[in-house]
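Here's the structure, in structure tokens; my notes come after.
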Amino acid sequence: MNKKPAIALLAALLPTFTMAHNLTVGESLPSVSVADKGEILVQDDKIAYQEWNSSQLAGKVRIIQAIAGRSAAKAMNAELMAAITDADFAEGMYQTTTIINQDDAMWGTGGFVKSSAEDSKRDFSWSSMVLDGNGKVHEAWELAAENSAIIVLDKESNVLFVKEGKLTNSEIQEALNLVKKNL
């Protein structure tokens with residue numbers, strides 16, 4: 001078997017796998033709205049949803065965690081989420097926004113993804129949580145499937161850092177330092 005064509009094909013596709021998103025450091029995020037589900041709110045201990053738009057991100061320094069509706073994607077950057085909690089950033093100046101792509105859940109687990117997102121909102125009420133029922137954010141930002149993307153934004157919603165996949169320890173520190181620098 002001749003392996004050269006297979007290797008050439010794999011090499012040609014590699015940039016697609018590593019650079020799937022269309023987000024650029026120094027630029028603003030592509031605009032997107034989520035009408036199917038949307039931002040999760042807790043009102044009188046009851047869950048409610050409201051339409052969400054990326055324009056709502058302005059005004060605070062943020063770390064966005066855009067994840068597939070899969071436990072593996074959620075776990076991928078759990079170390080960063082723990083480090084954010086430990087950093088105790090000022091709520092008036094910083095907010096974590098988690099966007100869950102329910103459309104990228106394993107078949108038959110959509111209800112579980114929704115329930116888990118609602119429980120997380122109850123546990124982390126100060127965080128912004130968006131349940132994207134149709135994968136609109138994934139589509140608009142061209143994010144890789146079955147993955148986790150971490151995006152750091154300044155107060156004007158300009159991208160300071162973006163990475164898909166698991167962050168290294170030095171990337172976690174870089175993201176936290178960017179938040180501190182821009183508060």
Out of the residues in the stretch 107-143 that are of a type in the set (Gly, Ala, Ser) and more than 20 Å from residue 45 (Cβ to Cβ), which is most open to solvent (accessible area, probe 1.4 Å)?
108
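Considering each of 153, 160 in turn, give the residue that is at pLDDT 95 or above, open to solvent by less than 30 Å² (accessible area, probe 1.4 Å) and out of contact with any Phe, Trp or Tyr (no Cβ under 7 Å at 6 or more places or on another chain).
Working: 160 fails: open to solvent by less than 30 Å² (accessible area, probe 1.4 Å).
None of the other options fit; the residue is 153.
For residue 145, are the conditions met, namely being assigned to a loop (DSSP other than H, G, I, E, B) and either under 15 Å from the mean Cα position of the chain (by Cα) or in contact (Cβ under 8 Å) with a residue 12 or more places away in the chain (or both)? Can you show your working first?
On the way: assigned to a loop (DSSP other than H, G, I, E, B): yes; either under 15 Å from the mean Cα position of the chain (by Cα) or in contact (Cβ under 8 Å) with a residue 12 or more places away in the chain (or both): yes.
Yes, satisfied.
Answer yes or no: is there a residue in the stretch 164-179 that is among the acidic types (Asp, Glu), open to solvent by 60 Å² or more (accessible area, probe 1.4 Å) and modelled with pLDDT under 95. Quick ask: steps written out before the conclusion?
Quick first cut of the stretch 164-179, residues among the acidic types (Asp, Glu) only: 164, 171, 174.
Imposing the further condition that a residue be open to solvent by 60 Å² or more (accessible area, probe 1.4 Å) reduces the set to 174.
After this cut, where a residue has to be modelled with pLDDT under 95 as well, the list is none.
Scanning the stretch 164-179, I find no residue that is among the acidic types (Asp, Glu), open to solvent by 60 Å² or more (accessible area, probe 1.4 Å) and modelled with pLDDT under 95, so the answer is no.
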Within the stretch 29-56, considering residues that are closer than 18 Å to residue 95 by Cα and of a type in the set (Ser, Thr, Tyr), the one most open to solvent (accessible area, probe 1.4 Å):
55
Kindly indicate whether residue 68 is over 22 Å from residue 114 (Cβ atoms), out of contact with any Gly (no Cβ under 8 Å at 6 or more places or on another chain) and hydrophobic (A, V, I, L, M, F, W, C).
no
Do you know which residues across the stretch 66-91 are more than 24 Å from residue 108 (Cβ to Cβ) and either polar (S, T, N, Q) or open to solvent by 80 Å² or more (accessible area, probe 1.4 Å) (or both)?
77, 79, 85, 86, 88, 91
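The values are calculated or read from the model by the stated rules, or taken from the named source; none is laboratory data. All values reported here derive from a predicted model rather than from experimental measurement. A quick note on method: Cβ atoms are made from the backbone with ideal geometry, for glycine too, and the neighbour counts reach across all protein chains shown. Protein only, heavy atoms only, side chains kept; ligands, DNA and RNA dropped before computing areas. Shrake-Rupley method; radii C 1.70, N 1.55, O 1.52, S 1.80 Å.
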